[in-house]
1. Applying the selection to the stretch B:205-228, what residues are open to solvent by 10 Å² or more (accessible area, probe 1.4 Å), within 8 Å of chain C (Cβ to nearest Cβ) and under 15 Å from residue B:130 (Cα atoms)?
2. Name the pairs whose Cβ atoms lie under 7 Å apart, with the first residue in the stretch C:223-247 and facing chain A (nearest Cβ under 10 Å) and closer than 18 Å to residue A:58 by Cβ, the second assigned to a loop (DSSP other than H, G, I, E, B) and aromatic (Phe, Trp, Tyr), and 6 or more positions between them or separate chains?
3. Would you mind listing the helices (runs of 4 or more DSSP H) fully within the stretch C:201-283 where at least 3 residues are touching a helix residue (DSSP H, G or I) at 6+ places or on another chain (Cβ under 6 Å) and of a type in the set (A, V, I, L, M, F, W, C)?
4. Restricting to the stretch C:42-89, count the residues that are at pLDDT 75 or above, open to solvent by less than 50 Å² (accessible area, probe 1.4 Å) and charged (D, E, K, R).
5. Residue A:19 fails exactly one of the following numbered conditions: (1) touching an Asp or Glu at 6+ places or on another chain (Cβ under 9 Å); (2) at pLDDT 90 or above; (3) not hydrophobic (A, V, I, L, M, F, W, C). What is the number of that condition?
6. May I ask you to list pairs of residues, at least six apart or on different chains, whose Cβ atoms are under 7 Å apart, with the first in the stretch C:147-174 being within 14 Å of chain B (Cβ to nearest Cβ) and among the β-branched types (Val, Ile, Thr) and the second being open to solvent by 20 Å² or more (accessible area, probe 1.4 Å) and part of a loop (DSSP other than H, G, I, E, B)?
7. Going residue by residue through the stretch B:85-96, is there one that turns out to be crowded, with 19+ Cβ neighbours inside 10 Å, under 18 Å from the mean Cα position of the chain (by Cα) and not in a helix (DSSP H, G or I)?
8. How many residues does the stretch B:229-279 contain that are within 9 Å of another protein chain (Cβ to nearest Cβ) and not in a helix (DSSP H, G or I)?
Amino acid sequence: MNPLLSVQDLHVDAPGEGRSILRGVHLTLDAGETVGVLGTSGSGKTTLALALLNLLPPALRARGRVEFEGHDLRTLNHAALCAVRGRRCAMVFQEPLTALNPRQRVGAQVAEVATAHGEHDAARAMRSAIDLLGRTGLTDPGERAQRFPHQLSGGERQRVLLAMALLLDPALLIADEPTSALDVTVQAQVLQLLREQQRARGMALLLVSHDLGVLATTCRRLLVLHGGRIVEDAPTPQLLAAPVHPHARALVDTVRPAERRA
Amino acid sequence: MAGHTWRRLLADRTARAAAGVLGAAALAAVLAPWIAGYDPTAQPDPVALRLAAPSWQHPFGTDPFSRDVCSRVLHGARISLGVAAGAMLLSVTLGTTLGALAAVLGGWVDGVVSALVDVLIAMPRLLVVIALVATFGALSPWWLVVLIGGSGWLTTARIVRAEVRDHQQREYVTAARALGASRWRIVWRHLLPAVAPQVAVAAALALAAVIPLEAALSFVGLGIQPPLPSWGNILLDGSDYLTTAWWLVVFPMAAITLTVGSALVLADRLRVAIAGEGRPS
Amino acid sequence: MTRRIVVRLLQAAAVLAVVATAVFVLLQFAPGDPFAAALDGTNVPPSVRMEWRARYGFDLPPAERFVRWIGALAHGELGYAASRHRPVADVVADAVPRTLLLVGVALALGFAAGILVGLVQARHHRRWPDRLLGALTLGGVAMPEFLLGLLAMTWLGARWRLFPVAGIASLGDTATWPAWERALDLLWHLALPAVVLAVGVAARVARHQRAALLGVLGEDYIRTARAKGLGEWRVLWHHALPNAIGPVLALLGLALPSLIGGAVLIERIFGWPGMGLTLFDALLARDYPLVLAAVLLATVVAVVARALTDVVAESVAPRRARIP
């Protein structure tokens, strides 16, 4: 069977600054698989996540193949790409406050995914949005849906963002540091929610983080991104037990003492 | 800081082109008596040379009185750009002084200047100038400079006041104060150079505003009076012959649009340079 | 909010007081009066001149005339426009709606077109539509309105006869025409001056709208909208524009004084009988009460509109909590 997502030799350059951010990334991901991308800040994690859906800022140039469900997303025309985004492959971002439109009620922002893809009419889209907001753990979702982003807490905003991504049952969810802007207790809740939804829907998850703890509890397989390349690709237990690349070893070592204590 | 702003501006090709156009216009205005082929008021042959189309002898053609349009536009630049430059300098100087005084002295001075700006900025400038000029009758170019310049200082004052207040909060000013520099020394050596790029933006915008203002006044017969040529009154003369002698209108019109456009572009690029973005937006 | 409105009202009153006083004082320096042309001939005996001037209060000292004028103004009386042989209030009542119509239509057209142009430029940022429209809007700002008006009147009006050259209605017995025909006739006369004024407005609005949109397009929520699979136009229209329209609406108040200035010239070029043309006629006839009323009213319109747009711009300002 073909993999769900297959990235071949992906490069991203910043011509204005004369440097490369990604230098030949290869990765594959099967349907329903959970894969974590581990990288320190500046390793190009966010760039990788954005490059997959062609969402890079205009100052960055990408080359390589990003094959998803048999189409190369890098060469797909814009309309076809829009049909993939949000429906087949969705994304959750790091900073939930700035990732939400400050001038639109959050319910409308979630429902828009369905109406824009022509799945439901406005009323039905709003009903399913409120329903999903409730299932992502928002108390009183009907009332919360009427609020603007700044009237919600950080955890609530991230749940809205997640509901937005899940509304059309995507085959792949890309989550870029979905918990790093949240308080520790809320982090655990959102992560738990992410795991539940992944299992319930059987969707593939590509989780990007600098936090090995977050990835180890969520993903079956881990990739280590360093200097713009994937330097290690192994099932989670194997990577934790015997990292090969020196950088991966260093990352694992930083969390090991805590595990020993536990 | 300010030094980097000027360097970034110099490195900007669009800004250099705009400054070049303005410089060329200024040069043409200064050198008009030497580079214009004819006396702008001379009427060599009102019969044979009436409304002659552009040719090698008369590159911009001639007007109904057989005067050379090219020479008139060049001499008109002297008047139009002279009035504009004078008015711009007056309004920017007034605005910078009042804005800086308001910011530095604060208290009632700030209150009076701010209130004055808030009140006067709502008035239609062209209307006020027209009313004033019409009241006093035909005015000399010097009075035009005073009227146009005196009515344009508001935006400059507002910008300078905000900028100076902003810079007063910064550490280098506190440091200078801690070293015992007097208040006026800080204004002169630190604050004014720091806000100079913003003043330059205001100056470019002021220039872009006063050139059309003078042209409009002269066009309705309230500005520069014939026989002295200005871009506005050349247009007034040409407006009756628009369908038969396009050259009477097209050349002064191009002169106005080019200089105003260059001033606008320069203001835009200055803002970009101040923001510190090297790339064109 | 209430405090701001009160401050605004006080400011507006201050503007009007300043303008009224300044205009009155300045006109004292002006040579001649409305009767100069009619009465200062050789055949009119001095006693008749004195009598006419006394009847309209022109023999009083300036200070007393000023007090009288302000007092009458407080009662809504603007005086008598000798050059029109009508009360100033009547002249103004005819002219003001016409100017408001011209300026209003120009504003509506200009803002609609300018916002659209800004959207197209932001959509095709740094590609040829952006560059072409950028050059056009620069030209639109750089070219004085009266020049555009002159060109439009000469070619579209006089030469090709597509539009009337002057006035507000066709010659002849238009009063007997059916209402819709008169309305069409008015629109036909309004078209050129309104479009000419709108071009300048649109060019300024487009430049601001483009810059505001480009600033917003770098925001995270735009990326979210694209990740949702929205098309570029939907992203611009639903997510970028609502967040980028505030500074452009604020421009409305700032642009109004200059638009009214531009309208004065356009009215003169197209013979549109509004406040601008009235002002020019009154200035030439040295009809002071009319001049005072015209300048005062233009200022009232500018001040009121500015206060209104301030309130509007504030209410559409982005609602956003600070990131702690």
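1. Taking the stretch B:205-228 first, the residues open to solvent by 10 Å² or more (accessible area, probe 1.4 Å) are B:205-209, B:212-213, B:219-222, B:225-228.
Narrowing further to those that are within 8 Å of chain C (Cβ to nearest Cβ): B:208, B:212, B:219-220.
Matches in the stretch B:205-228: B:212, B:219, B:220.
2. Every condition considered, the pairs that remain are C:224/A:93.
3. In the stretch C:201-283, the matching helices (runs of 4 or more DSSP H) lie at C:246-270.
4. Residues in the stretch C:42-89 being at pLDDT 75 or above, open to solvent by less than 50 Å² (accessible area, probe 1.4 Å) and charged (D, E, K, R): 1 in total.
5. (2)
6. Hits for this filter: C:154/B:243.
7. Scanning the stretch B:85-96 turns up no residue that is crowded, with 19+ Cβ neighbours inside 10 Å, under 18 Å from the mean Cα position of the chain (by Cα) and not in a helix (DSSP H, G or I).
8. Residues flagged as within 9 Å of another protein chain (Cβ to nearest Cβ) and not in a helix (DSSP H, G or I) within the stretch B:229-279 amount to 4.
The values are calculated or read from the model by the stated rules, or taken from the named source; none is laboratory data. Nothing here was measured: the structure is a model prediction, and the numbers come from that model. When we count neighbours, we look across all protein chains shown, and the Cβ atoms used for this are built from the backbone with ideal geometry, even at glycine. Please note that ligands, DNA and RNA were not included when accessible areas were found on the heavy atoms of the full protein model with its side chains. Shrake-Rupley method; radii C 1.70, N 1.55, O 1.52, S 1.80 Å.
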